[in-house]
Amino acid sequence: MKASLQFLIFSLLVGGLAWATYVAAATAIVGDPVLGADDPILGSKHDFTGLNDRAGVVAMSGVAFSDYGYSCVYCHIPPEEAGAVPADFGGIDGWNRYVPALGNYRLYDSVNLDNKTSGPNPISMLCLSCHDGTMAVDMVLFKPATFDPTQDNAMHMRINPEDNIESCGKCHNGQVAHDITAKMLGTDLRNDHPISMKYAGLTFKDADFRPPDNPNGFSNGVKLYNGQVECMTCHNVHDPSRELLLRANAEVLCFTCHAK
């Protein structure tokens with residue numbers, strides 16, 4: 001019993017020290033968990049932390065959405081929640097966002113598709129969870145330990161062009177602020193490139209598609225995820241250097257995969 005009590009006290013001390021160390025070093029946790037301070041997303045449109053200061057306004061973070069203090073947590077699980085299973089909380093597998101209402105999606109389909117898309121995979125769900133316009137941009141599973149929810153007065157707005165108090169379009173209509181219409185894909189994706197399908201050039205050896213340069217995709221940065229085409233096949237949220245976050249210049253992007 002004595003040994004057990006000593007172990008418990010030791011565990012609490014170690015845990016408390018680790019927690020204190022985390023909180024003390026919290027300001028150093030920035031950007032992607034791997035890239036850290038070298039993450040190009042910092043200061044980009046997808047970096048919500050400090051957005052007010054960069055844009056020179058006061059009507060966004062803190063009012064429209066919560067500024068959690070760390071750029072990564074809007075997508076990535078905070079380090080203090082490492083090991084958590086998002087699905088246990090209604091979240092997207094591997095990510096810090098809730099699963100969108102998958103039954104609402106109308107996906108691209110064609111008789112010419114070799115592989116049908118039954119629904120978006122987790123990595124594409126992540127993008128859609130903001131850009132389908134149905135959930136607030138700050139609607140995360142786990143908030144960082146340093147965020148005080150009692151001080152949260154945000155309206156938690158959605159990337160939606162509608163003129164209502166729940167939507168960014170209330171102001172971002174091209175008059176009060178820049179128009180966000182193009183940023184909302186909606187749930188009808190039939191006019192968008194198909195996602196979460198096997199790449200035909202890999203699986204079916206379709207002559208209309210170029211074979212990938214390696215299992216992860218192409219040498220110009222266009223990526224495949226487990227041999228599948230996803231939103232992030234063509235877009236790289238961590239590289240704002242190109243228009244629309246494209247992985248390759250627009251004039252050559254399509255011909256990376258399509259032979260004609």
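The values are calculated or read from the model by the stated rules, or taken from the named source; none is laboratory data. Since this is a predicted model, take the numbers as computed values, not measurements. No Cβ is skipped: glycine too gets one built from the backbone with ideal geometry, and neighbour counts run over all protein chains shown.
Numbers at a glance
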{"item": "Qualifying positions in region 126-150 - of a type in the set (Val, Ile, Thr) and at pLDDT below 95", "result": "Thr146, Thr150"}
{"item": "Pick from region 167-197, criterion in contact with a strand residue (DSSP E or B) (Cβ under 6 Å, 6 or more places away or on another chain) and surrounded by fewer than 18 Cβ atoms within 10 Å (Cβ to Cβ), ranking: nearest to Phe255 (Cα to Cα)", "result": "Arg190"}
{"item": "Some residue of region 160-179 being under 19 Å from the mean Cα position of the chain (by Cα) and not hydroxyl-bearing (Ser, Thr, Tyr)", "result": "yes"}
{"item": "Top-ranked residue in region 102-154 [being acidic (Asp, Glu) and over 30 Å from Ala207 (Cβ atoms); ranked as surrounded by the fewest Cβ atoms within 10 Å (Cβ to Cβ)]", "result": "Asp148"}
{"item": "Every pair of residues 6+ apart whose Cβ atoms lie under 9 Å, when the first sits in region 239-260 and is at positive phi while the second is assigned to a loop (DSSP other than H, G, I, E, B)", "result": "Leu245/Ser44; Leu245/Lys45; Leu245/His46; Leu245/Asn236; Leu245/Val237; Leu245/His238; Leu245/Asp239"}
{"item": "Residue in region 131-159 that is farthest from the chain's Cα centre (by Cα), counting only those that are under 14 Å from Gly69 (Cα atoms) and β-branched (Val, Ile, Thr)", "result": "Thr146"}
{"item": "Which numbered condition Asn153 fails, given (1) of a type outside the set (Phe, Trp, Tyr); (2) modelled with pLDDT of 95 or more; (3) in a loop (DSSP other than H, G, I, E, B)", "result": "(2)"}
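Quick grid of which residues meet (1) in contact (Cβ under 8 Å) with a residue 60 or more places away in the chain; (2) of a type in the set (Gly, Ala, Ser); (3) not assigned by TED's automatic domain parsing to the domain that holds Tyr70:
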position	(1), (2), (3)
Asp152	yes, no, no
Met157	yes, no, no
Asn164	no, no, no
Gly169	no, yes, no
Asn173	no, no, no
Asp179	no, no, no
